[in-house]
Amino acid sequence: MSTQQQITVAVTEAAWRALDRAVGDFRRAEQLWLAAEMAKAELGSTWQEREAAKRQVRVRLKALRAEGKLLGTKELLVAAGLRLALEARGWDREWDPVPDGARDRGRPLGDYRAKHDESHEEGETEYPRLVNARLPIALAQRAVRSTYWTSAEWVARIREWDSQWLAEDSPPVPLEAWADRRRFQMRVVTVGDLMREAVGQAVSEVPRSIPGMIATVTPLEAAREAKGDDVPAGG
């Protein structure tokens with residue numbers, strides 16, 4: 001049984017580029033940490049000691065990733081951002097499963113264009129880039145369930161509105177009625193909305209949320225320090 005679930009979200013060009021840069025930064029930090037630790041492992045006096053030390057480094061790498069202290073992949077960084085986004089909304093808790101057949105196929109009822117227009121500069125392309133992330137299934141389900149249940153009331157109101165105003169025998173829709181529908185749509189939070197918040201958190205808040213983040217040093221410095229050699233200033 002799979003332990004991961006893929007979620008794909010459309011984002012702005014600016015958000016995509018910022019995430020790409022952040023992933024690169026975290027990947028370099030992880031690689032530098034790994035190289036430093038492997039350099040230390042190589043100092044063992046026997047092959048058996050060196051191999052045992054390298055196994056311990058890999059075990060620690062896995063643990064640090066699980067703790068959110070090393071985030072060297074896009075999936076790890078987006079997952080950390082999603083956890084912060086859920087916490088910020090007070091949604092980081094257990095939710096009932098979504099009823100069978102309850103989720104509509106196709107575009108959700110939330111009006112993503114209106115939300116985009118309110119939060120981005122005029123003339124900016126909507127969401128031309130896609131972010132694909134394989135997330136822990138429990139985290140992905142929390143995203144789906146939280147958005148479903150917190151938006152259920154507003155989705156129901158939109159459907160009631162549609163039944164009243166969009167039926168074949170309905171009268172012309174007054175402007176104030178359209179305003180009501182837009183207001184309902186703006187209250188709907190889709191999985192895409194939440195994931196875009198997660199990307200924003202991954203870029204801006206995740207780096208600040210890691211207390212005592214693993215220091216990054218070059219492999220050469222690490223090897224020399226492990227051996228007790230002096231490291232010349234500037235290199």
Cα shape, region 40-88, gyration tensor, a/c 1.5 rule: prolate
Accessible-area value, residue 8, 1.4 Å probe, nucleic acids and ligands omitted, Å²: 70 Å²
Amide H partners (placed H, <5 Å) of residue 5, local residues excluded: 135, 137
Local electrostatic count at residue 140 - Lys and Arg +1, Asp and Glu -1, tallied over other residues with Cβ under 13 Å: +3
Calculated FRET value between residue 88 and residue 56, using beta carbons and R₀ = 41 Å, to 0.05: 0.70
Extreme residue, positive dipole direction of region 1-88, given options 36, 46, 15 (C-beta unit charges): 46
Highest average packing first - 177-190, 158-171, Cβ atoms within 10 Å: 177-190, 158-171
Using θ = phi - 60° and Karplus 6.51 cos²θ - 1.76 cosθ + 1.60, couplings along region 81-93 (whole Hz; Gly, Pro as x): x, 5, 4, 5, 5, 5, 4, 4, 8, x, 9, 7, 8
Zone of residue 4's modelled label, taken as backbone nitrogen in region 73-88 under 20 Å from a point 7 Å along Cα→Cβ: 73-84
Rounded Å value of the spacing that divides the Cα centres of region 50-98 and region 164-211: 28 Å
Whole-Hz ³J(HN,Hα) from phi, Karplus 6.51 cos²θ - 1.76 cosθ + 1.60, for region 128-144, glycine and proline x: x, 10, 10, 10, 9, 9, 8, 10, x, 4, 5, 6, 4, 5, 5, 5, 5
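With a sphere of radius 14 Å drawn around the Cβ of residue 54, what net charge do the other residues whose Cβ falls strictly inside it have (Lys, Arg +1; Asp, Glu -1)?
Numbers: positive: 40, 50, 55, 58, 60, 62; negative: 37, 42, 49, 51.
Here the count lands on +2.
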Potential lengthening between residue 130 and residue 149 on full extension [0.36 nm per residue; Cα-Cα distance subtracted]: 4.3 nm
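The values are calculated or read from the model by the stated rules, or taken from the named source; none is laboratory data. From a predicted model like this one, the values you see are computed outputs, not experimental measurements. We place every Cβ from the backbone using ideal geometry, glycine too, and count neighbours over all the protein chains shown. Please note that ligands, DNA and RNA were not included when accessible areas were found on the heavy atoms of the full protein model with its side chains. Shrake-Rupley method; radii C 1.70, N 1.55, O 1.52, S 1.80 Å.
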